[in-house]
1. Could you please find all residues in the range 76-103 being under 21 Å from G46 (Cα atoms) and either crowded, with 16+ Cβ neighbours inside 10 Å or among the charged types (D, E, K, R) (or both)?
2. Checking A31 against (1) among the small types (G, A, S); (2) open to solvent by 40 Å² or more (accessible area, probe 1.4 Å); (3) out of contact with any helix residue (DSSP H, G or I) (no Cβ under 6 Å at 6 or more places or on another chain), which test does it fail?
3. Just for the range 86-105: of the residues that are touching a strand residue (DSSP E or B) at 6+ places or on another chain (Cβ under 6 Å) and under 21 Å from L26 (Cα atoms), which one is modelled with the lowest pLDDT?
4. What about S118, is it over 11 Å from the mean Cα position of the chain (by Cα), of a type in the set (S, T, N, Q), at pLDDT 90 or above and over 20 Å from V66 (Cβ atoms)?
5. Which residues, counting only those in the range 124-143, are open to solvent by 20 Å² or more (accessible area, probe 1.4 Å) and more than 8 Å from the chain's Cα centre (by Cα)?
6. Please name all residue pairs, on different chains or six or more residues apart, with Cβ atoms under 7 Å, provided the first residue is in the range 135-161 and is more than 11 Å from Y13 (Cα to Cα) and in a loop (DSSP other than H, G, I, E, B) and the second residue is modelled with pLDDT of 95 or more and open to solvent by 60 Å² or more (accessible area, probe 1.4 Å).
7. Regarding A71, is this residue open to solvent by less than 30 Å² (accessible area, probe 1.4 Å), part of a helix (DSSP H, G or I) and not basic (K, R)?
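The values are calculated or read from the model by the stated rules, or taken from the named source; none is laboratory data. Fair warning: this is a prediction, and the values are worked out from it, not measured in the lab. Positions of Cβ are backbone-derived with ideal geometry, glycine not excepted, and every protein chain shown enters the neighbour counts. Areas reflect the complete protein model, heavy atoms only, side chains present, ligands, DNA and RNA absent. Shrake-Rupley method; radii C 1.70, N 1.55, O 1.52, S 1.80 Å.
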Amino acid sequence: MVLPLLLLAGCDYPMASQKEVDVCALALEAATSALHGTPVTEGGPGTCQFQVEGEDGDGGRIQVGVLTRAAVGGSGKLDQSLRLTLAEAAQTYGNGGSPEFGDLAELAMAFGTDPSASPRQVVVAGRGVMLEVFIGAETELSHDEVVALTQALWAQVAAYK
């Protein structure tokens, strides 16, 4: 399988050497923009959930996860985590495929229940970092908004110092 080689290609992002990343701080601006309001955040190791309540009881929820080579203890374990994540997403949503991400990263795949609908899970990986974005079922984001959110989050990963 080619995936393990994808995470080894090129030099790592500086974030890859971090065991702990404050995902809430990293993703707050992009999540706030996507959810069109200031979300309540709930974070844990390598993850953060952003949620806003709408005026009529509906709202939106986005969960962002970041896994680094240092956090899992090496490239082999990161590759294994990536393969497992992709397999789980494919089992839940069906096969992924995302030409709209272009050359965002070595690997960028979106998953959803219907190819014509907005993706519900996006996985981006490369240079020692894996990013997962989950869009809550109650969250109304267009396909283009999910792509823009993912691109903004990956830009934060690439710019992390």
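1. Once the filter is applied, which keeps residues that are under 21 Å from G46 (Cα atoms) and either crowded, with 16+ Cβ neighbours inside 10 Å or among the charged types (D, E, K, R) (or both), the range 76-103 yields K77, L78, D79, S81, L82, R83, T85, L86, E88, A89.
2. Going through the list (1) among the small types (G, A, S); (2) open to solvent by 40 Å² or more (accessible area, probe 1.4 Å); (3) out of contact with any helix residue (DSSP H, G or I) (no Cβ under 6 Å at 6 or more places or on another chain), A31 breaks only (2).
3. It comes out as F101.
4. Against the criterion (over 11 Å from the mean Cα position of the chain (by Cα), of a type in the set (S, T, N, Q), at pLDDT 90 or above and over 20 Å from V66 (Cβ atoms)), S118 does not qualify.
5. Answer for the range 124-143, where residues must be open to solvent by 20 Å² or more (accessible area, probe 1.4 Å) and more than 8 Å from the chain's Cα centre (by Cα): R127, A137, E138, E140, S142, H143.
6. That search, which allows pairs on different chains as well, returns G136/R61; E138/R61; T139/R61.
7. No; evaluated as a whole, the condition is false for this residue.
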